[in-house]
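The values are calculated or read from the model by the stated rules, or taken from the named source; none is laboratory data. As the structure is a prediction and not an experimental result, all values here were calculated from the model. Cβ atoms come from the backbone with ideal geometry, glycine included; neighbour counts cover every protein chain shown.
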Amino acid sequence: MAARSPVEYAAGYPETEAAPAQKTGNFSARQPGCMACAGLTEISVDGLFDTRFGIKGSFEVRRCLQCDLEQLFPVPAPSQLKNLYERYYNFSGERETVYTTLRERFFSSLLYRLWIRLDEDISFHTRRGGGRLLDIGCNEGRTLKNYARNGFHAEGTELNETAAVVARAAGFAVFTGPLDDFTPDAPYDVAVLSNVLEHSLDPKAMLRSLGRVLKPEGEVWISCPNSQSWLRPVFGRWWINWHVPFHVTHFSPLTLRHLLDESGFGQIEIRQITPALWVASSIIARLFARTGKPTRQLRNPLLIFGLVLACRALLFPLFYWGNRAGRGDCLVAVARKTE
Ligand SMILES: [Zn+2]
């Protein structure tokens, strides 16, 4: 690997506090203008670092003064992000380690189905139905199995070819490539963006692409972190959902609704949940994350399991309050194609 990582490079890029608004709404890694409306932005949080993999670099989240959307700054260029995903994030062929074996068994077990009923379902794994479902970013196909079990004809898209090969071997059709280039044989009834939209460099374009492959009145199901979460001030820069540099946008119920509305979706329903798993991850990050070092404790099944149980048992009144007060940790949105 080069002496200087792509993100270090991006993070070290000179910043201009009073940079003029961009001329277009297109994403730019180098200017702190809003990626959605090109408005001026101000810093809402600074000094953020990668609490998961130990990727070097310091980041900010900025809020648009015009449309209120919060976004990462600086954002690595698409080619840099691609390298980072391949190196740190996506499935890289890791199989049959203790962690992956336990994870695989857990996700296909009855215990998992009980678990998501007790905790929270961030991936729509409890929804039953029928018709054609497209899972965006299906990785090695673990979630496709759940959708298929629930009655859907499940297919996926995945940028990581290594992961797509595994999903195809399990019998699923998986498209690898930009969504813009995807022309399915038949339109879908449902498109799922489970913790995906916040990773996109252009969420509006992503939703419009999905509109194109959905049937009239087809549904999009979205889950993503809630920028209004009560856990954000509690954990500060260790809040697990900053997830720099991979989480590019941070949605509130209002900015998510606005984006859906602008992207050709209506009948928008947004509710909130607080997965104990996310709270446990924030606790682990707060206790163990160090700049430039991977946080191995985030992959310790016993620690995570213990903390999840403890959070669920002790903090449930706070979860209940947060979800109803608009301050849950995760937004869950269902919307219907209108255009
Ligand atoms: Zn804006």
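How do the pairs read when you match residues in region 260-287 that are over 16 Å from ILE116 (Cβ atoms) with residues anywhere that are part of a helix (DSSP H, G or I) and acidic (Asp, Glu), using Cβ under 8 Å and keeping only pairs 6 or more apart or on different chains?
Once the first residue is over 16 Å from ILE116 (Cβ atoms) and sits in region 260-287, its partners that are part of a helix (DSSP H, G or I) and acidic (Asp, Glu) give ILE268/ASP261.
Yes or no, residue by residue, for (1) buried (at least 20 other Cβ atoms within 10 Å of the Cβ); (2) aliphatic (A, V, I, L, M); (3) over 20 Å from ILE273 (Cβ atoms):
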{"site": "ARG127", "(1), (2), (3)": "no, no, no"}
{"site": "LEU144", "(1), (2), (3)": "yes, yes, yes"}
{"site": "ALA148", "(1), (2), (3)": "no, yes, yes"}
{"site": "HIS153", "(1), (2), (3)": "no, no, yes"}
{"site": "LEU179", "(1), (2), (3)": "yes, yes, yes"}
{"site": "ASP189", "(1), (2), (3)": "no, no, yes"}
{"site": "LEU210", "(1), (2), (3)": "yes, yes, yes"}
{"site": "GLU219", "(1), (2), (3)": "yes, no, no"}
{"site": "VAL234", "(1), (2), (3)": "no, yes, no"}
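Among the residues of region 85-93, is any of a type in the set (D, E, K, R) and either modelled with pLDDT under 90 or surrounded by 14 or more Cβ atoms within 10 Å (Cβ to Cβ) (or both)?
yes
Would region 263-271 turn up any residue that is under 29 Å from PRO187 (Cα atoms) and either assigned to a helix (DSSP H, G or I) or in contact with a Pro (Cβ under 6 Å, 6 or more places away or on another chain) (or both)?
Yes, some residue in region 263-271 is under 29 Å from PRO187 (Cα atoms) and either assigned to a helix (DSSP H, G or I) or in contact with a Pro (Cβ under 6 Å, 6 or more places away or on another chain) (or both).
Looking at region 298-330, which of the residues that are under 16 Å from HIS243 (Cα atoms) and touching a helix residue (DSSP H, G or I) at 6+ places or on another chain (Cβ under 6 Å) is surrounded by the fewest Cβ atoms within 10 Å (Cβ to Cβ)?
ARG299
Residue by residue through region 110-131, note down the ones that are in contact (Cβ under 8 Å) with a residue 60 or more places away in the chain and under 24 Å from GLU155 (Cα atoms).
Matches in region 110-131: GLU120, ASP121, ILE122, SER123, PHE124, ARG127, GLY129.
Among the residues of region 36-72, what is the count of those that are farther than 25 Å from ASP261 by Cβ and in a strand (DSSP E or B)?
The total comes to 7.
Conditions (1) of a type in the set (A, V, I, L, M, F, W, C); (2) more than 16 Å from the ligand (Cβ to nearest atom); (3) over 26 Å from ARG87 (Cβ atoms); (4) out of contact with any Cys (no Cβ under 7 Å at 6 or more places or on another chain), marked per residue:
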{"residue": "CYS37", "(1), (2), (3), (4)": "yes, no, yes, no"}
{"residue": "THR41", "(1), (2), (3), (4)": "no, no, yes, no"}
{"residue": "VAL45", "(1), (2), (3), (4)": "yes, yes, no, yes"}
{"residue": "GLU60", "(1), (2), (3), (4)": "no, no, no, yes"}
{"residue": "LEU65", "(1), (2), (3), (4)": "yes, no, yes, yes"}
